[in-house]
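We did not get these values from a lab; they are worked out from the coordinates using the rules stated. It should be emphasised that the depicted structure is a prediction, and the values quoted were computed from it without experimental measurement. All Cβ positions, glycine included, derive from the backbone under ideal geometry; neighbour counts span all protein chains shown.
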Amino acid sequence: MEVPSDVVMRRRATARWQRVRRGRSVGRRHWARLAEPGTAVLLALGVVGAWYAMILYPNHVPFSAYIPFAVIAGLLLTPKNLAAVDGVLLVAGAITAVRRGDASEPLYLAAYVVLAAIMVIMFWVASSRARLGVQGTLGESMLVDLRDRLRTQGELPDLPAEWGAELSVLSAYGESFSGDFVVTSKTGDALEIVLVDVSGKGIAAGTRSLLLSGAFGGLLGSMPVERFLPAANSYLLRQHWDEGFATAAHAYVNLRTGEFSIGSAGHPPAVRFSAGSGRWEVLEGEEGPVLGVTDGLDFPRTCGVLGRGDALLLYTDGVIETRTRDLRDGIDRMLGTAEQMISRGFSGMAAKMCAAARAGETDDRAAVLVWRR
């Protein structure tokens, strides 16, 4: 089959651009390898300059002038080059104390010990970065980027005018990462939402959340609704984590007809608001097992229809659970809070429920609310 000429031209242009990008990337890595030894040399020269200034102007240049060089070298250099700069610092510090005649004074001995301690700490920091294969503050930038990607995956898509939705995710103690996360997908009239609670909380569960959110994002919307939870369970089992289990609630909503179905994997039951009765009701149904424990089990689904003014609420156990009360008491308390809020409408309700959770900042909290106007 003959390929159109415009397609061929686009492919050639794309290939050229990819070669340029690869060349630029290789060039940046090459210059980075060349720049680091130069940085080490400049820092070593700076240490020598500071030493010379201390000898000439002992009353104006303090011994602590060596400390910035130790910190900057620890942030920018690999352990090999850092060791060379640290060696120059130690020698310069010892010579400074001897030349000034201060080698026996406790003040300068303490300052020398502090300098050595800072170098040990920065060497440990540099060694940690070297194990990850990153340099400078790139590791922190990677974590920030991963956190932002996790939040982006959970952003709710644009919905038709007759529908509204919002979500809220609060991590334990206000940390950047949470064991609770949301993944959404909208294909045509089909809206799918999965709310996941990974074992652990805060930063301890953040790495597992990052991995699972990417995997679940790939599964969501790409397979039949009833196959999502079994596929997610199989994926989690293949990881062989010591604490590899997670609970999840998977909701499917047809935005044209209002039909919905919810599958639960060890997750607290969803809640529905009925505009006809003006009350919230728990969608009791058969619950599936938690993800990542046993393979080959079924995940039953609860079905229904959302009419005008109805709403559907998904939440994690951090919203309802406390150490001294069982989950049923927590659900009743949450529903009581929702009853008080309904007079002001659904907007802002998910965030208020998470903020009003009895567990407070001691646990991760997440809630997703979808309603039909």
(request) With an 8 Å cut-off on Cα pairs and a minimum separation of 6 or more residues, tell me the relative contact order of the range 156-372 in percent. (result) 26
(request) Using per-residue counts of other Cβ atoms within 10 Å, averaged over each peptide, order 273-280, 213-220 from highest down. (result) 213-220, 273-280
(request) For residue 281 and residue 239, compute 0.36 nm times the residue count separating them, minus their Cα-Cα distance, and round to one decimal in nm. (result) 11.5 nm
(message) Going by amide H atoms built from the backbone, whose H comes under 5 Å of the H on residue 309, apart from near neighbours?
(response) 372, 373
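Using only alpha carbon positions, build the gyration tensor of the range 34-74, then give the equivalent ellipsoid semi-axes as the square roots of 5 times its eigenvalues, largest first, whole angstrom. Numbers along the way, then the final one.
Numbers: eigenvalues 100, 24, 4 Å².
Value: 22, 11, 4 Å, ordered largest first.
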(request) Report the calculated FRET efficiency for residue 256 and residue 128 (r = Cβ-Cβ distance, R0 = 51 Å), to the nearest 0.05. (result) 0.45
(request) Can you tell me the dipole magnitude for the range 278-373 around its Cα centre, using point charges on the Cβ only (Lys, Arg +1; Asp, Glu -1), in Debye to the nearest 20? (result) 680
(request) Once you have the Kirkwood Rh of the range 156-372 from its Cα pairs, apply Stokes-Einstein at 4 °C and 1.567 mPa s and quote D in µm²/s. (result) 75
(message) Strictly greater than 17 Å: what percent of every Cα pair in the range 38-130 meets that?
(response) 45
(request) Express in nm, to one decimal, how much length is gained between residue 190 and residue 308 on full extension, taking 0.36 nm for each residue of separation and deducting their alpha carbon distance. (result) 40.7 nm
